[in-house]
Every structure is written in structure tokens, then in C-alpha cells.
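Visitor: Before I ask anything, here is the structure I am working with.
The values are calculated or read from the model by the stated rules, or taken from the named source; none is laboratory data. Computed from a predicted model, the values in this text were never measured in an experiment. Every residue, glycine among them, receives a Cβ derived from its backbone with ideal geometry; neighbour counts consider all protein chains shown. Remember, those area values only see protein heavy atoms, side chains included, never the ligands or the DNA or RNA. Shrake-Rupley method; radii C 1.70, N 1.55, O 1.52, S 1.80 Å.
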Amino acid sequence: MATLQSCSVCLRESALQLPRHHLTDNYRSSRTAKWKCPRAAVIPNFHLPMRSFEVKNRTSVDDIKSLRLITAIKTPYLPDGRFDLEAYDALVNMQIENGAEGVIVGGTTGEGQLMSWDEHIMLIGHTINCYGGSIKVIGNTGSNSTREAIHATEQGFAVGMHAALHINPYYGKTSLEGLVSHLDSVMSMGPTIVYNVPSRTGQDIPPRVIHRLAQSTNFAGIKECVGNDRVDQYTDKGIVVWSGNDDECHDSRWNHGATGVISVTSNLVPGLMRELMFGGKNPSLNAKIMPLVEWLFQEPNPIGLNTALAQLGVVRPVFRLPYVPLPLAKRVEFVNLVKQIGRENFVGEKDVKVLDDNDFILVSRY
């Protein structure tokens, strides 16, 4: 008790001895001083990448740069909303058999935005485990959160994916310097494709940012959705570009120097899309496919694709909300398109059907 009283006296005495005039002087000077932005404490290499250098687990950036047909693969579902891996495996096998060289797993088309990260990494691991020797597996491990992007990319490469696809931060947009820092944070882990789609993110990635990122040895190239004028700006500088627009990919490839396409339409007609990317200029084939492309994108992707694959009988007619199938009139249009282009050019072996509204299952909890 004596000790506590002694401490109390000491505290009171020290408080009485405070030089109050210094506090006042400091307050006055702080009112007149010019405010300066505090400098962030940057610790270089503090976050060491969690990566493996085992030969089996490595893919060269040049291997990714050479890919011409990459399919943004669809994720099918069981009636309760879980992944239908049997249908998924069939879809990937059909891509391999028809000459696709790579698949994007869990992208916009694959509805990565509706997956938990556990589901996401599991599907990447499943794909690489089953098909990694036959096709390049590119995991969409991007996020508008740098922390999440780093964590998912580490896990994706740890389970063996060949490359990562990264988008710029969406909704909570950042500055261009912040964008460079965000993408630099993930490129140290392995081959990386940057994805520019301003219609979804609300922010364009300008060429000056890509030119800076291209200095990284892990930069494989860019999936560009702005258009062929932008493609020219990159190919003229030797930067690898994949068209992100199926309606422009033929001209991107043969008139503007793009390496190839990251395609949605190839989910349905992979053989025709391969011919479009490998067979030289073919305006007649491009014109043949174009009505299908226009049909697919009349509503936001992947609504059209999900509807079409269900009508072809290769996936169950199950939608994770907020996606819903195209209306009946559009489903009738698709049946006519299949007949026009030729059922033999589409995936699956069943007859194409219109499907009634009651055939579709909409899942809100998954």
C-alpha cells in the first residue's frame, strides 16, 4: 500500500513539473507550420513470395506467351449449387480434344465472382491435377483486395497452376500508382496475364501502366478488351496481347498482331475458334460465327453461355443467382443458330433443345 501511495505522489509531482510553456509554443507553431504528407514506411521484400522452384511445378513465361486459343471455361453446377465436376471434366476434355491450348479457371465466365476462395482454389487444383499435362491451366486469382490477390495467387501456384490472371481493382478503384503496386505485388510469384476490361471494372488500364509492368520477367501479356487500336499500341512494342472480345479476335489476330484470344465462344465451338486462330485470315468463317457471338453477348456474360450449354445438354440447367437464363424467345433463336452453323460444330452429342422456364433451377444459397 505504501508503495502505491509513493507512486501516486511521484506521478502528481511529475505532472506538476511539466513545462507548460513548451506545450503552448508547440501548439502555436503547429498552427502556422505547413502540413506535410507522412511518408509510408516501405519495407522491401518484407513479404517473401510463397513459391516453389521444383521443375515439375514451373512453367516458363514463354510457354504462356505462345498460347493462341485460351478458353474461359464454364463452371457447371449440381441442383444444389455445388460444382458438377463430372460435367466440368467433360467440358475440359472437349476443349483438349478440339485444340484449345489453355483454360481460364474461375474467371468471369467461370463465375469466380460467385465462388468462395476455397471453391476457387479447389477447382484450380482439380484442373491442374487432372489435365495439367494436356492443357495450360491459368487461374483467375485476381481481386480488388491486394491481400486477397496475394493469398489466392500463392495458393494457386502452390497447387500447380501454370499462370495467373489478374484484373485491376474494381469498385474501390485506386490511382495508377496504386494499380502498379497492386499488380507488382502478385507478379513475383509466377507467369501473369493482366486483364483489362473497363466495362466491368470501371477503370481502364492505360498503356503506360502496362509498359511499366512489362518490365517484369513474369509478365506474360495482357487480355485486352478496349479494342484493336489499343492492341496495335502493344504489339508495336512487342507486348503479347490476347483479344478479350470474340467479335474482334479474328482481326486482332491477323490484322493487328495479337497472339490469340481468350474466348467465351470456344466453350461452344472450340474447333471453329481454333481454326479462326490457327488457319490464317478467314473472313467467311468469322462471318459464320458472328451471329452466335452476338447472341452470346446480348446480355452480360455468362448468361448466354450458361443458357446455351444447358440447351446443348452438356450441363444441367442450374444457375447460381444473380444469373438467370435468357428468355424463351432467345432460346428458340439459339436452336436456329445451332442448325444454321451445324450441330456437329458444337460441343456435346445430344440434340439441342429449347427448354421451358420450369426446366431451369435457380440457386440462391450455395
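Visitor: Do you know the relative contact order of the range 292-364, to the nearest whole percent, from alpha carbon pairs under 8 angstrom that are 6+ apart?
Guide: Across the range 292-364, relative contact order equals 39 percent.
Visitor: Carbon and sulfur together cover what percent of the accessible area of the range 155-205 at a 1.4 Å probe radius?
Guide: For the range 155-205, the apolar C and S fraction of the accessible surface comes to 52 percent.
Visitor: Obtain the nm distance between the two label points defined at LEU321 and GLU177 by a simple spin-label model: each point lies 7 Å from its Cα along the Cα-to-C-beta direction.
Guide: About 4.4 nm, to one decimal.
Visitor: Report the extension gain between LYS237 and TYR170 in nm, rounded to one decimal, defined as 0.36 nm multiplied by the number of residues separating them, less their alpha carbon distance.
Guide: 21.4 nm
Visitor: Sticking with this one: How do GLU294, GLU97 rank by accessible surface area computed with a 1.4 Å probe, from largest to smallest?
Guide: If we order GLU294, GLU97 from most to least accessible, we get GLU97, GLU294.
Visitor: Convex hull over the alpha-carbon atoms of the range 154-228: what's its volume per residue in Å³?
Guide: Details: hull volume 7.0 nm³, N = 75.
It comes to 93 Å³ per residue, whole-number rounded.
Visitor: Given the pairs LYS65/LYS350; LYS65/LYS330; LYS237/LYS339; LYS223/LYS288; LYS173/LYS288, which are separated by over 32 angstrom at their Cα positions?
Guide: Check vs 32 Å cut-off fails for LYS65/LYS350; LYS65/LYS330; LYS237/LYS339; LYS173/LYS288.
Visitor: May I pose another question? Could you pull the accessible area for PHE157 with a 1.4 Å probe, rounded to 10 Å²?
Guide: 20 Å²
Visitor: Please arrange SER266, SER145, SER175 by accessible surface area, largest first, computed with a 1.4 Å probe and ligands excluded.
Guide: So the residues, ranked largest to smallest area, are SER175, SER145, SER266.
Visitor: Evaluate the charge dipole of the range 58-159 about its Cα centre and quote only its size in Debye, nearest 20, assuming +1 on the Cβ of each Lys and Arg and -1 on the Cβ of each Asp and Glu.
Guide: My answer is approximately 320 debye.
Visitor: Using 0.36 nm per residue of separation minus the Cα-Cα distance, give me the extension gain between ALA90 and LYS353 in nm, one decimal.
Guide: 92.8 nm
Visitor: Under a plain spin-label model, where a point goes 7 Å from the Cα along Cα-to-Cβ, how far apart in nm are LEU78 and ASP118?
Guide: Label at LEU78, label at ASP118, 1.5 nm between them.
Visitor: Work from the charge dipole of the range 218-366 (Cβ charges, +1 for Lys and Arg, -1 for Asp and Glu, about the Cα centre) and give the residue of HIS250, VAL261, PHE319 farthest towards its positive end.
Guide: PHE319
Visitor: So how much accessible area does ASP229 have, in Å² to the nearest 10, using a 1.4 Å probe?
Guide: Only protein atoms counted, so the area is about 120 Å².
Visitor: Please list SER243, SER66 from largest to smallest accessible area, probe radius 1.4 Å, with all protein chains kept in place. Walk me through the numbers before you get to the answer.
Guide: Numbers: SER243 5, SER66 65 Å².
Highest to lowest solvent-accessible surface, that is SER66, SER243.
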